[in-house]
Each structure stands twice: as structure tokens, then as C-alpha cells.
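Bear in mind these aren't lab numbers, they're just calculated from the coordinates by the rules spelled out. Remember, it's a predicted structure, so these values are computed and weren't measured experimentally. With ideal geometry, Cβ positions are generated from the backbone for all residues, glycine too; neighbour counts draw on all protein chains shown.
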Amino acid sequence: LSTGMVLGIFAVLLVGGVISEALGWPFVFYIFGGIGCICCLLWFILVYDDPASHRWISGPEKEYIISSLHQQVSSEDQPLPIKAMLRSLPLWSICLCTMTHQWLVNTFIIYTPTYISSVFKINIRDVSKFHSIPPSCLRDSSVPQLAQIILSAGHNGAERCLDLAWDISITHRYASLLLGTSRGLAHSSAVLVPIVGGFFLNQDSEFGWRNLFFVLLAVNQFGLIIYLVFGKADVQEWAKERTLTRL
């Protein structure tokens, strides 16, 4: 899932400028929005709730999956520990760190093409190429700032590995709830980033970019410090479950 998301971003950045220059920027949304609708339809057609109702897997494979599920450990019904979750500093550190990281991602996605186009005077077709190619390809470029920006974005891969593991590591049975909550809070930065960026760029076009990147640095350093101080990798007491083994 995450690999497909990253490949999708790469594809949009690579050809988005070409489509925008040839057909106009609305067609970028029409084309990739249409692809998203097609993928949604394929999901409803090909994905099932359980192996018993799946029509595309073989009989032996279905029996193997069902028998494996019958032997696994199942948990008793337990109420959601809302108060304990709200008091959990490791949980809040994950939510905050996810939000600060998404601030970085949204800043790059929203402002990098504009930055390259306005500061370095590169046309929109070439902006999409610079925005999607690996930073190693820019080692001989006359604008090393582009390599630095793309290299910093490339380091998100290391954070992405941690991002997918820490929800499960501290919560286990509530990992899906924490994942949805942290991502919901994280994507609120998509509203805040344009507001902050617009404020700086409208006030001072020359130093606005510098101030925007300084804010980005401060936000991410704050998230890092919070996670280093309060973050944990152990299952929290409120997330541990009483188990009943079915044979």
C-alpha cells in the first residue's frame, strides 16, 4: 500500500508538468482522479471481507487460511480504554510526530514546484522532472539547492519504515484506531501549511522562502524532540489483552 502511494506520487510529479503544459492544469486532476476511481472500482470487485467468501483463491489455499485462523489466539471483548489512551504520552508523541512529518511532506508537495519555478526560473515541464528524479542525478547541476531539497525529501523513506511499525508496537489490538487517529491529525497540516506559507510569501517574496523553510525545520525538530523524550516501543499496559486460546 505504501509502496503504491509513493509510486503514485512519483508518477504524478514526473508527468504532471507535461500534462499541465500540454492540456492545462485541470487535466492533471481529471486524469489522475479518473485513475483513482478505476482503482476504487477494482478494489470493490477484487477484495473480500474474508477468505470464505473469496472467489479468486483456490480451494486448498482457502482451507489453509481458514484453518490457520481457527488456531490463532483470540481476545475477549474489552471496552475501549479511552481515558488511558488520552493520558498516554507515547500515544500523543506518535500523533504529534506523525503530524510534524506530514507537515514536511505537504510543504514539499505544495511548494517545491512553485519554489523551483519562481526562484530558478525553470519552466513547468522541467519542474516536474526535477521534482521526481533521484538527487544523485543532480550532482553536476548548477543549482545544488535542488539536490539538497530532493535529498531531504528522499530521506522520508527511513521515517516511513518507522511510521508503519510504531502504531503496532505500542498498541497491538488498537493499532488500527491509532493509525486512523494519527493520520487524521497529521493531514490537518494540509490546511495549516498553505496558510503559513501564504503568510510568509505574501509579506516578503525574497525572504519568504527562507522563513518558510525555517518554520519547516522548527516544526520537525520539535516533533523529533517530543518523540525522543516521550516515545516508547513497548506495548502499553492499557493495550495489553486478556487472551483465550481456541483449539
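For the peptides 22-29, 217-224, the ranking by packing is 217-224, 22-29, with the highest mean count of neighbouring Cβ atoms within 10 Å listed first. From least to most packed, judged by other beta carbons within 10 angstrom and beginning with the fewest, GLU237, GLU61 follow the order GLU237, GLU61.
In terms of other Cβ atoms within 10 Å, ILE195, ILE116, ILE122, ILE66 run from fewest to most in the order ILE195, ILE66, ILE122, ILE116. For HIS187, the amide hydrogen comes within under 5 Å of no other amide hydrogen, counting only partners 5 or more places away or on other chains and with H modelled in the peptide plane. The percentage of C-alpha pairs in segment 1-71 whose separation is greater than 16 Å is 65%. Phi angles across segment 221-231 convert, under the Karplus curve 6.51 cos²θ - 1.76 cosθ + 1.60 with θ = phi - 60°, into 3J(HN,Hα) values of 5, 4, x, 5, 4, 4, 5, 5, 7, 10, x Hz, Gly and Pro given as x. Ordering LYS240, LYS232, LYS83 by the number of other Cβ atoms within 10 Å of each residue's own Cβ, fewest first, gives LYS83, LYS240, LYS232.
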